[in-house]
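The values are calculated or read from the model by the stated rules, or taken from the named source; none is laboratory data. Since we're looking at a predicted model, the values are computed, not measured. Neighbour counts are summed over all protein chains in view; Cβ atoms, including those assigned to glycine, are modelled from backbone coordinates with ideal geometry. Surface accessibility is based on the protein's heavy atoms, side chains included, excluding ligands, DNA and RNA. Shrake-Rupley method; radii C 1.70, N 1.55, O 1.52, S 1.80 Å.
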Amino acid sequence: MEEEDQQKVADLIKELVLRLLSQNPISGSQPLTSNSPAFQKYLRYAVRILSARLRPSIAPDSAAIAESIKRRLANQGKSSQALTFSELYTKFASKTGPGSVDNKWAVLHLLDIISEDRKNTTTQLDSSSVLLPNLAFNDADLGNDSWVSRRKGGKEKGWSNGVLLVSKDPENLRDIAFREFVNLVKEENEVKEEVLVRDVLYACQGIDGNYVKFDASSDGYVLLDSIKVQRATGLMVRKLCELGWLFRKVKGYISESMDRFPAEDVGTVGQAFCAALQDELSDYYKLLAVLEAQSMNPIPLVSDSASSGNYLSLRRLSVWFAEPMVKMRLMAVLVDKCKVLKGGAMAGAIHLHAQHGDPMVQEFMKRLLRRVCSPLFEMVRSWVLEGELEDIFAEFFIVGQPVKAESLWREGYMLHAGMLPSFISQSLAQRILRTGKSINFLRVCCDDRFWAEAATEAAAAAGTSTRRGGLGYGKTDALESLVDEAAKRIDKHLLDVIYNRYKFKEHCLAIKRYLLLGQGDFVQYLMDIVGPELSEPANTISSFQLAGLLETAIRASNAQYDDPDILDRLRVKMMPHGSGDRGWDVFSLEYDARVPLDTVFTESVMAKYLRIFNFLWKLRRVEHALIGAWKTMKPNCITSHSFNKLQHAVKLQLLSTLRRCQVLWDEMNHFVSNLQYYIMFEVLEVSWSTLSNEMEVAKDLDDLLAAHEKYLNSIVEKSLLGERSQSLYKSLFVLFDLILRFRSHADRLYEGIHELQARTESSLPSQDKRKSRKQMSDRSSGPGSWISDGRKALTQRASEFLQNMGQDLDAIAKEYSLLLENFISQLPVQQHVDLKFLLFRLDFTEFYSRMHPSS
């Protein structure tokens, strides 16, 4: 419309409103002008009425409206009229060509409105102050014959629903127009079931319909407030729309996860889960497509038994949605559960929901889990048969970390309990871990490639393929069979490599012979040649010189016949020392355990061997000191006739001192000999025998490590080196120090006796004897020596010397007795049962028990 025409229409509307208001003024109001607020209000109201498009919002479908009329007649109990209408509509719809009605839907809609209008003849529209007042027309203005009929009595009688009554009553136009407007709005709010079914189907796809829309505040699909439906229908719609809410949750999770992939928190298992959910949604989409096709068919009448049953109502839709609702609820629960999970933890959480009594749910979960667990089982297959850890998103229940070769077995790979799914037991997971570790140990540490043959044989024996896809969820027996076969063959191959190629048993025996001092001739010769060097201060000793002495001891003993590779690993080690330490305190031997043996002989293990060596070395040193004292104390070293010229009292004093020294040596030698026997036979040999037997029956490297650790711990505990025997260990070392002190006193005693013997022999008249003892006399003829004194002085000094030595020996004997009593008294309370054998050996005759009955 052109602007001039639009302006004319606006002017006419203003004039119409002004005439209406001027002829029917509102009580209590001021006269209205074209600029007053009241006039503008009514003008806007009139424009809105005239601009409204009074047409129904339903689709122009003649078949649908005909079915609606027929169903309404049937519901009212007018079955015969419904059949008559059906026959008439069939004839009406079949007429085509010239003379027929093209817009059949409009005709049916008009007839339907007229029928409803007749039922509502008593309905009146209250026009009060909200509506425009009546416009009075004169007969002259309209003409006497302009209306076929005239409405009588003003508002006493009225027609609704847009039925135009030809009348000269000027109010008829306004009443009819407004009644038609109100009834059409009411008609728009009456939604038919077919429309609700379509909206529900849209909602189940996450799409808002015309009347069912998603409300974010209530987090669900709701009917519009302006829609008036029965309460039962509303409840049914909300119940069916729950499927759409669940669909939105599942679909949102899939979209969010796939958008973030390849993020680490999604991973391959999460991707497989999304793919499985998407497959289930594809089946869901197919069902919705079928239901949408059925929703296009009209809902038949109750009495129409001959009509087709291929239609869709809300009740039928609830039946169709029963199974999808269960699956969608389950998927929504899984989505909520798996939002913060990944990998094996996600698979385990989904598996827990598979424990269900409903066969349909069980089958659904198994189908879902086969897809979800596919990446996980592929990781297991790759790890067990190839030793490859294909886990870039940290989803596997085995984690690896970069470590040195010697730490590969213990620290390189470990179980991640948080990623272990519940359908894989802890024992099976440990076997899976060990099998892959064995392959990596062979490949990295042993430089072995023959493990691949063992893996192929294991796959063949288990009846599976080495290719991808051979394992899956629900095939637990196949998985266990594959793991058992692979573990058995690969572990056997690993032990063969360790025993034969790297000679593990030979190296263990070499450590026992050299570090645990089991090679007697070697140890004795080594102690003899390094003794003078080790008696010097530790900071003055050269480790290179000691290494040369070690080589000499090897060549001078049966150790020279050992494998050169073993002898090359034996070295001298000087421990950290202080300013007052002697060589005996810092000297030790070490054994170089190279890859792959350093997996067994780790730094901590070699530190334990060093502690045991230091203890055994101290014990051997004490034994060596007692042997040296015995060589000095032998009876043929002292010629008794040389002391005939001494006074009788001095001779008795000499014999008493010698006897006291001999008795004390016997006691110390008894203690040291029995202690050494206990250590060498009850501890070392028994433990070695146990280790040898366990090495024969070991099935894998873990068994071998456990057997060696048990062997080493047994030696530590039985040798008084354990945490529970620290007080006993300290008492023992105090005894060792006292024995070494006794050795120095014995050496002084016999040195003085030899000097006295030389002085006595020098007083003989024979010149030849003096010459024969010249060397000994030269050694003791310095100023202040006994030889430079006279006989009386000699006798007096000898008596004083023997008296002092006797007192020192008595003090040592008393201290030794107290220390030994303390040591023996602690043995019965020790927790280790083998220490009772030591008590039995030390007090075999119950001598100490009778001497100290209170203890």
Conditions: (1) surrounded by fewer than 19 Cβ atoms within 10 Å (Cβ to Cβ); (2) under 27 Å from His577 (Cα atoms). Asp448 meets all but one. Number of the miss?
(2)
Qualifying positions in region 229-238 - assigned to a loop (DSSP other than H, G, I, E, B) and surrounded by 12 or more Cβ atoms within 10 Å (Cβ to Cβ):
Val229
Exactly one of these conditions fails for Ala347: (1) part of a helix (DSSP H, G or I); (2) open to solvent by 30 Å² or more (accessible area, probe 1.4 Å); (3) in contact with a Pro (Cβ under 8 Å, 6 or more places away or on another chain); (4) not β-branched (Val, Ile, Thr). Give me its number.
(2)
Against the condition touching a residue at least 60 places away in the same chain (Cβ under 8 Å), aromatic (Phe, Trp, Tyr) and in a helix (DSSP H, G or I), how does Phe423 come out, does it pass?
no
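May I ask you to verify whether Leu567 is under 47 Å from the mean Cα position of the chain (by Cα) and closer than 30 Å to Asp447 by Cβ?
Details: under 47 Å from the mean Cα position of the chain (by Cα): yes; closer than 30 Å to Asp447 by Cβ: yes.
Here the answer is yes, as Leu567 does meet what is asked.
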Candidates Ala394, Ala417, filtered to the one that is without any contact (Cβ under 8 Å) to a residue 40 or more places away in the chain, loosely packed, with under 14 Cβ neighbours inside 10 Å, in the same structural domain as Glu457 (by the TED database) and not basic (Lys, Arg):
Ala417
Looking at region 282-290, can you tell me whether even one residue there is in the same structural domain as Arg329 (by the TED database), β-branched (Val, Ile, Thr), within 19 Å of Met328 (Cβ to Cβ) and exposed (fewer than 14 other Cβ atoms within 10 Å of the Cβ)?
yes
For region 671-681, what are the residues that are in contact with a helix residue (DSSP H, G or I) (Cβ under 8 Å, 6 or more places away or on another chain) and either open to solvent by 60 Å² or more (accessible area, probe 1.4 Å) or free of Cβ contacts under 8 Å to residues at least 12 places away in the same chain (or both)?
Tyr677
From the list Gly472, Gly518, exactly one residue is touching a Phe, Trp or Tyr at 6+ places or on another chain (Cβ under 7 Å), part of a loop (DSSP other than H, G, I, E, B) and surrounded by fewer than 20 Cβ atoms within 10 Å (Cβ to Cβ). Which is it?
Gly472
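Out of all the residues in region 374-394, which are in a helix (DSSP H, G or I) and more than 18 Å from Phe450 (Cα to Cα)?
Listed by number, the residues that qualify are Ser374, Pro375, Leu376, Phe377, Glu378, Met379, Val380, Arg381.
Here's the yes/no breakdown for (1) at pLDDT below 90; (2) crowded, with 19+ Cβ neighbours inside 10 Å; (3) in the same structural domain as Leu287 (by the TED database):
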{"site": "Leu224", "(1), (2), (3)": "yes, no, yes"}
{"site": "Leu240", "(1), (2), (3)": "no, yes, yes"}
{"site": "Gly244", "(1), (2), (3)": "no, yes, yes"}
{"site": "Phe247", "(1), (2), (3)": "no, yes, yes"}
{"site": "Gly252", "(1), (2), (3)": "no, no, yes"}
{"site": "Met258", "(1), (2), (3)": "yes, no, yes"}
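Conditions (1) in contact with a strand residue (DSSP E or B) (Cβ under 9 Å, 6 or more places away or on another chain); (2) outside the structural domain of Glu815 (by the TED database); (3) of a type in the set (A, V, I, L, M, F, W, C); (4) assigned to a loop (DSSP other than H, G, I, E, B), marked per residue:
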{"residue": "Lys699", "(1), (2), (3), (4)": "no, no, no, yes"}
{"residue": "Ala706", "(1), (2), (3), (4)": "no, no, yes, no"}
{"residue": "Tyr711", "(1), (2), (3), (4)": "no, no, no, no"}
{"residue": "Leu721", "(1), (2), (3), (4)": "no, no, yes, yes"}
{"residue": "Leu732", "(1), (2), (3), (4)": "no, no, yes, no"}
{"residue": "Leu738", "(1), (2), (3), (4)": "no, no, yes, no"}
Checklist (1) aromatic (Phe, Trp, Tyr); (2) under 13 Å from Tyr816 (Cβ atoms); (3) more than 60 Å from the chain's Cα centre (by Cα) applied to Phe736, failing item
(3)
I'd like the residue in region 710-736 that is closer than 27 Å to Asn440 by Cα and free of Cβ contacts under 8 Å to residues at least 60 places away in the same chain and, out of all such residues, is least open to solvent (accessible area, probe 1.4 Å).
Tyr711
Which of (1) assigned to a loop (DSSP other than H, G, I, E, B); (2) modelled with pLDDT of 90 or more is the odd one out, the single condition Pro576 does not satisfy?
(2)
Among the residues of region 245-284, the number that are closer than 20 Å to Arg370 by Cβ and either among the polar types (S, T, N, Q) or in contact with a strand residue (DSSP E or B) (Cβ under 6 Å, 6 or more places away or on another chain) (or both) is 5
Right, Phe377: touching a residue at least 24 places away in the same chain (Cβ under 8 Å) and assigned by the TED database to the domain that holds Ser481 or not?
yes
Take Ile498 and decide whether it is part of a helix (DSSP H, G or I), in contact (Cβ under 8 Å) with a residue 24 or more places away in the chain and within 30 Å of Pro576 (Cα to Cα).
no
Quick test for you: out of Leu277, Leu369, pick the one residue that is within 30 Å of Phe396 (Cβ to Cβ) and either open to solvent by 70 Å² or more (accessible area, probe 1.4 Å) or not assigned by the TED database to the domain that holds Val250 (or both).
Leu369
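Matching residues to (1) more than 53 Å from the chain's Cα centre (by Cα); (2) free of Cβ contacts under 8 Å to residues at least 12 places away in the same chain:
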residue	(1), (2)
Leu515	no, no
Gly518	no, no
Val523	no, no
Ser535	yes, no
Thr540	yes, yes
Tyr561	no, yes
Lys573	no, no
His577	no, no
Phe587	no, no
